[in-house]
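Student: Structure below; questions to follow.
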Amino acid sequence: MANGEAPPSFVSALGIDFGSKRIGVAGCDRTGLIAAGITTIYRQSFAQDVAQFRQLVAEREVQVLVMGLPYSMDGTLGFQARKVFSFAKRLSKELQLPVEYVDERLTSYQAEQLLIAENRSPSRHKDLIDRKAAALILQQWLDQRRANIAALSRKENYLSDHLPLGTQH
């Protein structure tokens with residue numbers, strides 16, 4: 001790990017719950033285990049959105065943006081999904097970061113249920129719903145990433161145990 005390089009398991013991602021009025025943003029710990037809501041961006045213009053994201057990206061050394069993609073309950077992508085794709089493409093270009101997508105069906109509902117469990121009114125805490133939804137989106141991505149890494153590791157271990165010595169890389 002020369003020159004301050006991060007260990008291979010290091011990940012820094014932002015989870016994004018995009019909306020026309022607000023954008024919920026979540027971040028993760030350096031190990032990529034736990035996602036938490038960090039802010040809500042109140043939308044005024046794309047330029048202001050980018051400025052706020054630039055600050056977050058710099059502060060958190062972000063490597064990837066994880067956007068919630070609003071599938072319909074029947075699994076199709078509708079008008080709102082096109083808006084998410086458009087925003088994500090522009091944001092990715094401005095920040096020079098890759099974007100990955102996660103099915104965000106029911107994340108806002110789950111976030112509302114979490115608020116209700118905390119005896120908080122969802123109608124009075126819409127910004128908190130957005131942050132919690134972003135955290136759910138990011139947590140889903142982190143969990144899937146961890147599962148993929150574990151599966152790859154198992155496959156590599158199997159191959160190294162079963163390949164003849166002359167064929168290993």
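The values are calculated or read from the model by the stated rules, or taken from the named source; none is laboratory data. Given the structure is predicted, the values throughout are model-derived calculations rather than measurements. Please note: Cβ atoms are built from the backbone with ideal geometry, for glycine as well, and neighbour counts cover all protein chains shown.
Student: SER108 passes all but one of (1) farther than 16 Å from GLN140 by Cβ; (2) small (Gly, Ala, Ser); (3) assigned to a helix (DSSP H, G or I); which number fails?
Tutor: (1)
Student: How about segment 114-126: which of its residues are within 24 Å of TYR71 (Cβ to Cβ) and modelled with pLDDT of 75 or more?
Tutor: LYS126, the sole residue that qualifies.
Student: On to the next question. What is the one condition in (1) part of a helix (DSSP H, G or I); (2) modelled with pLDDT under 90; (3) closer than 11 Å to GLY68 by Cβ that LEU138 does not satisfy?
Tutor: Only one criterion in (1) part of a helix (DSSP H, G or I); (2) modelled with pLDDT under 90; (3) closer than 11 Å to GLY68 by Cβ is unmet by LEU138, namely (2).
Student: Continuing with this model, one more query. Which of the residues that make up segment 73-84 are free of Cβ contacts under 8 Å to residues at least 12 places away in the same chain and on the phi < 0 side of the Ramachandran plot?
Tutor: ASP74, THR76, LEU77, GLY78, PHE79, GLN80, ARG82
Student: Another one. Could you list, in sequence order, the residues of segment 54-73 that are closer than 17 Å to ILE137 by Cα and of a type outside the set (A, V, I, L, M)?
Tutor: Selection gives GLN63, GLY68, PRO70, TYR71, SER72.
Student: Check whether at least one residue in segment 88-111 is polar (S, T, N, Q), at pLDDT 85 or above and under 14 Å from the mean Cα position of the chain (by Cα), and report yes or no.
Tutor: yes
Student: Can you work out which of the residues in segment 29-69 that are of a type in the set (S, T, N, Q) and either surrounded by 14 or more Cβ atoms within 10 Å (Cβ to Cβ) or part of a loop (DSSP other than H, G, I, E, B) (or both) is modelled with the lowest pLDDT?
Tutor: In this case the residue turns out to be THR31.
Student: Can you name every residue in segment 12-37 that is more than 21 Å from ARG145 (Cα to Cα) and among the β-branched types (Val, Ile, Thr)?
Tutor: Correct list: ILE23 only.
Student: When you check ASP17 against the structure, is it of a type in the set (D, E, K, R), over 14 Å from LEU95 (Cβ atoms) and in contact (Cβ under 8 Å) with a residue 40 or more places away in the chain, yes or no?
Tutor: Taking the combined requirement at face value, the residue satisfies it.
Student: Report the residue count in segment 1-28 for those that are assigned to a loop (DSSP other than H, G, I, E, B) and either closer than 20 Å to TYR101 by Cα or at pLDDT 85 or above (or both).
Tutor: Count: 6.
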